[in-house]
1. Compute the accessible area per residue over the range 56-136, keeping the other protein chains in place, probe 1.4 Å, unit Å².
2. Could you tell me the largest-minus-smallest coordinate of the C-alpha atoms of the range 24-136 on each of the three principal axes, in descending order and whole angstroms?
3. Quick check: residue separation of Arg84 and Leu31 times 0.36 nm, minus the Cα distance between them. What number comes out in nm?
4. Sort the following peptides by mean Cβ neighbour count (other Cβ atoms within 10 Å, averaged over residues), highest first: 104-110, 94-100.
5. Can you give the percent of C-alpha pairs in the range 55-102 whose distance is more than 18 Å?
6. Just to verify a number: FRET efficiency for Gln21 and Met59, C-beta to C-beta distance, R0 = 35 Å, to 0.05?
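The values are calculated or read from the model by the stated rules, or taken from the named source; none is laboratory data. Since this is a predicted model, take the numbers as computed values, not measurements. Positions of Cβ are backbone-derived with ideal geometry, glycine not excepted, and every protein chain shown enters the neighbour counts. SASA here: full protein model, heavy atoms, side chains in, ligands and nucleic acids out. Shrake-Rupley method; radii C 1.70, N 1.55, O 1.52, S 1.80 Å.
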Amino acid sequence: MQRFFLLFLFSSALAQAAAPQPPSIIGRSWLVGDLTSGQTLAAQRADERIEPASLTKLMTAYVVFQAVREKKLSLDQQVRVSERAWRAAGSRMFIQPGRPVTADELIRGMVVQSGNDACIALAEAIAGAEKSSCRS
């Protein structure tokens, strides 16, 4: 009986040691999940509503690259920077209003510098206007 108890304690200790610990993440809210099973593996305030931050820029980049793929925008295309894009708050690429900039330069400004001004200028070049926020 004593051997079974020790075996149980040993196997319980191994199971606890093998269980992964949640990652140390600097963020207000996060979730790690298994996409195959849909199971949440670890989370911190996953149901808290927060602004998407740079996720909006990633979605804008997706739309921009789709426009490039569909030949609605070319990387060497000159884009005129509007006053609205130039006045964008938050992180910026610091482009001047009225100055033509290539779409490629704006993409780099949006992705590398997280430029809200570049994001808005690209949205205006593709859709004619910026409807939703590119800011984060």
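1. Heavy-atom accessible area per residue stands at 57 Å².
2. 48, 30, 23
3. Full extension from Arg84 to Leu31 adds 15.6 nm.
4. 104-110, 94-100
5. Looking at the range 55-102, the distances longer than 18 Å represent 42 percent of pairs.
6. Working from the Cβ atoms, E equals 0.65.
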